[in-house]
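The values are calculated or read from the model by the stated rules, or taken from the named source; none is laboratory data. Every value quoted in this text rests on a predicted model; they were computed, and no experiment measured them. Methodologically, a virtual Cβ is constructed for each residue, glycine included, from the backbone with ideal geometry; neighbour enumeration extends over all protein chains shown.
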């Protein structure tokens, strides 16, 4: 089965919300979204700090509206009538209990029209991280209503030169909990979370050569993975986390290889007198997209996982850093079109066989990466005269800065 047919199937399947553990909540979602509506959520009795985070998380998803009301709720049916008058579809209540270093967030959600409890669940954390608990509650709501995992718990790993060197950092998807996880006083580039979020690969020049290393998300337990002379970069994980695809030059022209997690070469993917780089697996692990100048200028190409059946995705400019949507239906990439000095973000619709811009005339926009649900894109942009992290919806709307970070930030990658 070829690229288009496989991904048409994937694209169709991911839009079917199925949640066996709570068909009722999914029915509410289907009923409302079938008419183009978002779900109106009322928030009652939530601790202020929890309410702030949950509100931001849910609005970010574009699935929900938040009803601006301060009405309390004690469980009486007549109180639900008042929430009905505010056009609320569902009502969320929650309480936070902290004992020592342990935190517990207990939440209930009601159908305002019927009074039925949609869910009643507690979330616990041993480090008393109330933001984490709030994010888990937000993701639970998304899962209950759409059948898809939420992204409020996710993080972004990236490189930043604020220390005078290029180090690796992580930050929550909403711009909080910024952490520097390397202190190599060198050049560290292209960090990527593993699919399970338990490891990060990155390229470092610490020992003079661009070597591929692997470490824990807190920066501990670093070890070398690929140290061939020449390029060992950029690298990407396979969706199952068992392989890595990267560019190796080994004293010659750069080509693409597949490695196992011991750094052993499984397969050489590309051959020829050209430069092949920026490889990335398809979600079904049957294909690899990469950049090659075999046609004269850097262009996007797709091959089977073993390097056969190579075909070009025709673009009009210098194309770079492609990322395949987890949904399988789109590819996002950066491109510098003729006559411009800066890059913009474009998206290629596999089913339609067309691409279109997501950014325009807003500095140089590069290194795009999909969120794990395929609905958002993080990228770097120089629109504010330095390189910063930005996010946008998959159609290019809602572009906003992730957070204010000293120095230049680039090469972001979104965790699952």
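Tabulated values for the structure
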read-out	value
Those strands (runs of 3 or more DSSP E) lying entirely in segment 284-354 with at least 3 residues in contact (Cβ under 8 Å) with a residue 40 or more places away in the chain and in contact with a strand residue (DSSP E or B) (Cβ under 6 Å, 6 or more places away or on another chain)	287-292, 318-324, 330-336, 344-349
Candidates 60, 123 - the one that is under 30 Å from residue 395 (Cα atoms), under 28 Å from the mean Cα position of the chain (by Cα) and crowded, with 18+ Cβ neighbours inside 10 Å	60
Residues satisfying the stated conditions in segment 159-198, i.e. within 24 Å of residue 246 (Cα to Cα) and out of contact with any strand residue (DSSP E or B) (no Cβ under 9 Å at 6 or more places or on another chain)	196, 198
Among (1) within 19 Å of residue 52 (Cα to Cα); (2) out of contact with any strand residue (DSSP E or B) (no Cβ under 8 Å at 6 or more places or on another chain) - the single one residue 147 does not satisfy	(1)
Residue 170 closer than 30 Å to residue 412 by Cβ, outside the structural domain of residue 62 (by TED's automatic domain parsing) and part of a loop (DSSP other than H, G, I, E, B)	no
Options 257, 228, 213; residue that is surrounded by 17 or more Cβ atoms within 10 Å (Cβ to Cβ), touching a strand residue (DSSP E or B) at 6+ places or on another chain (Cβ under 7 Å) and assigned to a loop (DSSP other than H, G, I, E, B)	228
Odd one out for residue 145 among (1) under 18 Å from the mean Cα position of the chain (by Cα); (2) modelled with pLDDT under 95	(1)
Residue 54, sole failed condition from (1) surrounded by fewer than 14 Cβ atoms within 10 Å (Cβ to Cβ); (2) assigned to a helix (DSSP H, G or I); (3) modelled with pLDDT of 90 or more	(1)
Verdict on residue 113 being more than 26 Å from the chain's Cα centre (by Cα), surrounded by fewer than 19 Cβ atoms within 10 Å (Cβ to Cβ) and outside any strand (DSSP E or B)	yes
Residue match in segment 67-76 (condition: over 26 Å from residue 130 (Cα atoms) and either outside any loop (DSSP other than H, G, I, E, B) or at pLDDT below 95 (or both))	yes
Check on residue 38, surrounded by 12 or more Cβ atoms within 10 Å (Cβ to Cβ), at pLDDT below 95 and either under 25 Å from residue 147 (Cβ atoms) or under 24 Å from the mean Cα position of the chain (by Cα) (or both)	yes
Where residue 161 falls short, out of the listed (1) under 17 Å from the mean Cα position of the chain (by Cα); (2) assigned by TED's automatic domain parsing to the domain that holds residue 241	(1)
Residues of segment 244-256 that turn out to be modelled with pLDDT of 95 or more and more than 23 Å from residue 332 (Cα to Cα), as a count	2
Candidates 391, 411, filtered to the one that is within 21 Å of the chain's Cα centre (by Cα) and over 26 Å from residue 58 (Cα atoms)	411
Test result for residue 259, modelled with pLDDT of 95 or more and closer than 17 Å to residue 244 by Cβ	yes
Candidates 288, 275, 331, filtered to the one that is crowded, with 23+ Cβ neighbours inside 10 Å, under 11 Å from residue 256 (Cβ atoms) and at pLDDT 95 or above	288
Total residues in segment 375-409, condition assigned to a strand (DSSP E or B) and surrounded by 18 or more Cβ atoms within 10 Å (Cβ to Cβ)	12
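Conditions (1) touching a residue at least 12 places away in the same chain (Cβ under 8 Å); (2) assigned to a strand (DSSP E or B); (3) within 22 Å of residue 220 (Cα to Cα), marked per residue:
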residue	(1), (2), (3)
133	yes, no, no
145	yes, no, no
148	yes, no, no
152	yes, no, no
158	yes, yes, yes
175	yes, no, no
184	yes, no, yes
192	yes, yes, yes
197	yes, no, yes
